[in-house]
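Participant: Encoded as structure tokens, here's the structure I'll be asking about.
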């Protein structure tokens, strides 16, 4: 990375004088000791990050492989046991399903919102609501849905009044289906936020060029629209997948950890709800870092691919 | 964006307006998103049978535990905000000023919390720090974790603010006019970063008030843990508090948009 503003030497405290700015040496002399202040703060920040982000992560990564100081694969093997493997599968299914539905729903919504004929108040309303709803997760969201579709929820009660008892027909909010419905409340708005820049980036000129060359609407979408929107859409899907995979508060408050999901299982192991087994918790967390790391790597690659078009 | 406005003028070239199907879709989506809010609002006033009143709100207002948990969360939020701003503002600023090559590293670090989710971070923190007990057993133990959890959002907000400024010229102008670093920092940089600072502060306030994972695992009675707890016995009170949380998130986002818009207008 060429850096024309600052020569490399100036990046060191008391670095050599700088040819680009002849007046600078005088300034630097006046600073004196003060020139160390920036480095103090930068060092402090990196110290903080090391202590509270990097070292804890390493602890999790290593802790999964040790028992009383002796290396072991016991815990990593345990996560491939029936119960925890099941948790990984259910979490993956939930994350993939909600991400898939939300990707489609969010893309469609963003497209309609960005249409030029859409009234401004609809556009502003949906855009600003998305910002709020994407951040409205966790315990409050769980209770919003308990108030709506729980056993005493408003919609459940209203439906009962008109003769439909959804709970006697096998529906329950506290199941996989219920979790899916609830997760969509933050997944769809997140997709709207993530994909809107890409939808906005679809140039009018491309559509016109296609029309002028005799292309139909179908040709436009097949040859231009879909190819260009594919990378950002896939990136959005990955981000949503990771977002759902890591959710702890919403499923905990909704099902009290009854549906085995990786985050709630880790929480149970840590807070001693089941037999306290911190290393097993660390092994589960290790698996989670692997999944999230892969997802973020993919997201990053897709973003790079997508940016080629802008 | 010049392209967008030119395109807007050419809007009539295309029948680019939502059809019946599109409107139907928007209504369905709006229903899905508004219904839980209405239900939550109504449920919070429900007092059994067909009675609706303020009893849940009155009970909450008189509940000492609710106030204690809310005060605890607010205290933690303020402490998180202070620590983050003291750590992050100088770092973002000085990195862009003195070591722009480190920006890439900062950006990578700020995305790491996506790879290490809250539940994993709390597993690592509690395995790594087993003492001293005055630190580990106090709710303040969670603050470093909160700072990290909010980092992707706070870093981005501050970085956008700093990049929009010509920090280099401002600093050099200040220095050549004889100002000290402290003066430049407090009189020039901070006022110019106001909207970025307000934005990141509001974000942290919303994040810490809603944070459940850390506190639930480490058994501290914060606001979100209290909502979950009260929900076991009184659904209506939990709905009332959830509604409050939603309105609070909404206000915080509104605040961010307003301060952001003001900045753009200047």
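Coordinate-derived values only; no laboratory data. Because the structure is predicted, anything quoted here is derived from the model rather than measured. Neighbour counts are summed over all protein chains in view; Cβ atoms, including those assigned to glycine, are modelled from backbone coordinates with ideal geometry.
Participant: Report the Cα centroid-to-centroid distance between the range B:74-92 and the range A:29-94 in angstrom, as an integer.
Facilitator: Spelled out, the Cα-based centre of one part sits 21 Å from the other.
Participant: Contact order normalised by length for chain A, with contacts defined as Cα pairs under 8 Å and 6 or more residues apart; what percent is it?
Facilitator: On the way: 296 pairs, mean separation 78.5, N = 310.
Once divided by the residue count of chain A, the mean separation gives 25 percent.
Participant: Sticking with this structure for a sec: What is the P(r) of chain B, as percent of Cα-Cα pairs per 5 Å bin from 0?
Facilitator: In whole percents, the pair-distance histogram is 1, 5, 9, 11, 12, 13, 12, 11, 9, 7, 5, 3, 1, 0, 0.
Participant: Going by the alpha-carbon gyration tensor, a ≥ b ≥ c the square roots of its eigenvalues, is the range B:172-266 rounded (a/c under 1.5) or, if a/c is not under 1.5, prolate (a/b greater than b/c) versus oblate?
Facilitator: Working: a/c = 6.08, a/b = 2.39, b/c = 2.54.
Cα axes put the range B:172-266 in the oblate bin.
Participant: Kindly state, to the nearest 0.05, the FRET efficiency for residue A:160 paired with residue B:232, given R0 = 22 Å and r defined as their beta-carbon distance. Walk me through the numbers before you get to the answer.
Facilitator: Details: r = 24 Å, r/R0 = 1.08.
Step by step, r from the Cβ atoms, then E = 0.40.
Participant: Can you put B:233, B:80 in order of Cβ neighbours within 10 angstrom, beginning with the fewest?
Facilitator: B:233, B:80
Participant: How high is the relative contact order of chain B, in percent, with contacts defined as C-alpha pairs under 8 Å that are six or more residues apart?
Facilitator: Values: 200 pairs, mean separation 75.5, N = 266.
So the answer I get is 28 percent.
Participant: Above 17 Å lies some portion of the pair distances; for the range A:154-257, what is it as a whole percent of all C-alpha pairs?
Facilitator: Details: 3617 of 5356 pairs.
Considering the range A:154-257, 68 percent of its Cα-Cα pairs are separated by more than 17 Å.
Participant: Right, another one. Going by C-beta contacts inside 10 Å, put B:93, B:209 in order with the fewest on the left. Write down the numbers at each step before the final one.
Facilitator: Details: B:93 24, B:209 21.
The fewest-first ordering by Cβ neighbours comes to B:209, B:93.
Participant: Relative contact order (percent) for the range A:86-183, with alpha-carbon contacts under 8 angstrom and 6 or more residues of separation?
Facilitator: Details: 40 pairs, mean separation 24.0, N = 98.
Across the range A:86-183, relative contact order equals 24 percent.
Participant: Need the C-alpha centroid separation for the range A:105-138 versus the range B:126-186, integer Å.
Facilitator: 32 Å
Participant: Using a ≥ b ≥ c from the Cα gyration tensor of the range B:77-216 (square roots of the eigenvalues), is it rounded, prolate or oblate, where a/c under 1.5 gives rounded and otherwise the larger of a/b and b/c decides, a/b for prolate? Present the calculation step by step, with values, prior to reporting the outcome.
Facilitator: Details: a/c = 2.27, a/b = 2.07, b/c = 1.10.
Since a/c reaches 1.5 and a/b is larger than b/c, the shape of the range B:77-216 is classed as prolate.
Participant: Hey, another quick one. Calculate the FRET efficiency for residue A:167 and residue B:27 from the Cβ-Cβ distance with a Förster distance of 35 Å, rounded to the nearest 0.05.
Facilitator: For residue A:167 and residue B:27, the calculated efficiency is 0.85.
Participant: Could you work out the Kirkwood radius for the range A:108-178, taking every pair of different alpha carbons, averaging 1/r and inverting it, reported in Å? Each step should come with its number before you reach the end.
Facilitator: Working: mean 1/r = 0.0686 Å⁻¹.
Every distinct Cα pair counted, the radius reaches 14.6 Å.
Participant: Run the quick spin-label model on residue B:133 and residue B:160: label points 7 Å from Cα toward the beta carbon, then report their separation in nm to one decimal.
Facilitator: So the two model labels end up 4.6 nm from each other.
Participant: Once the principal axes of the Cα atoms of chain A are found, what is the range along each, listed largest first in whole angstroms?
Facilitator: 85, 73, 33
Participant: Here's a follow-up. Taking 0.36 nm per residue of sequence separation and subtracting the Cα-Cα distance, how much length would be gained by fully extending the chain between residue A:206 and residue A:223, in nm to one decimal?
Facilitator: Working: separation 17, 0.36 × 17 = 6.12 nm, distance 1.06 nm.
Taking residue A:206 through residue A:223 to full extension adds about 5.1 nm, to one decimal.
Participant: Okay, moving on. Please report, in cubic angstrom per residue, the volume enclosed by the convex hull of the alpha-carbon atoms of the protein assembly as shown. Can you show the working numbers first?
Facilitator: Values: hull volume 113.2 nm³, N = 576.
Per-residue hull volume (Cα only) is 197 Å³.
Participant: So, in nm, how far is label residue A:230 from label residue A:177 when the simple model puts each one 7 Å beyond its Cα toward the Cβ?
Facilitator: The modelled label-to-label distance comes out at 3.5 nm.
Participant: Right, another one. Rounded, prolate or oblate, given the Cα gyration tensor of the range B:98-143, with a/c below 1.5 counting as rounded? Intermediate results must be reported in sequence, preceding the final value.
Facilitator: Working: a/c = 3.49, a/b = 2.04, b/c = 1.71.
Verdict is prolate for the range B:98-143.
Participant: Can you sort A:83, A:111 so the residue with the fewest Cβ neighbours within 10 Å comes first?
Facilitator: So the ranking, lowest neighbour count to highest, is A:83, A:111.
Participant: Okay, moving on. How many Cβ atoms of partner chains, on average, are near each residue of A:104-111 if near means within 10 Å of its Cβ? Can you show the working numbers first?
Facilitator: Numbers: counts 0, 4, 1, 0, 4, 5, 0, 3.
Mean inter-chain Cβ contacts per residue within 10 Å come to 2.
Participant: Next question. I'd like to compare A:74-82, A:58-66: which one has the highest average count of other Cβ atoms within 10 Å, and what's the full order after that?
Facilitator: A:58-66, A:74-82
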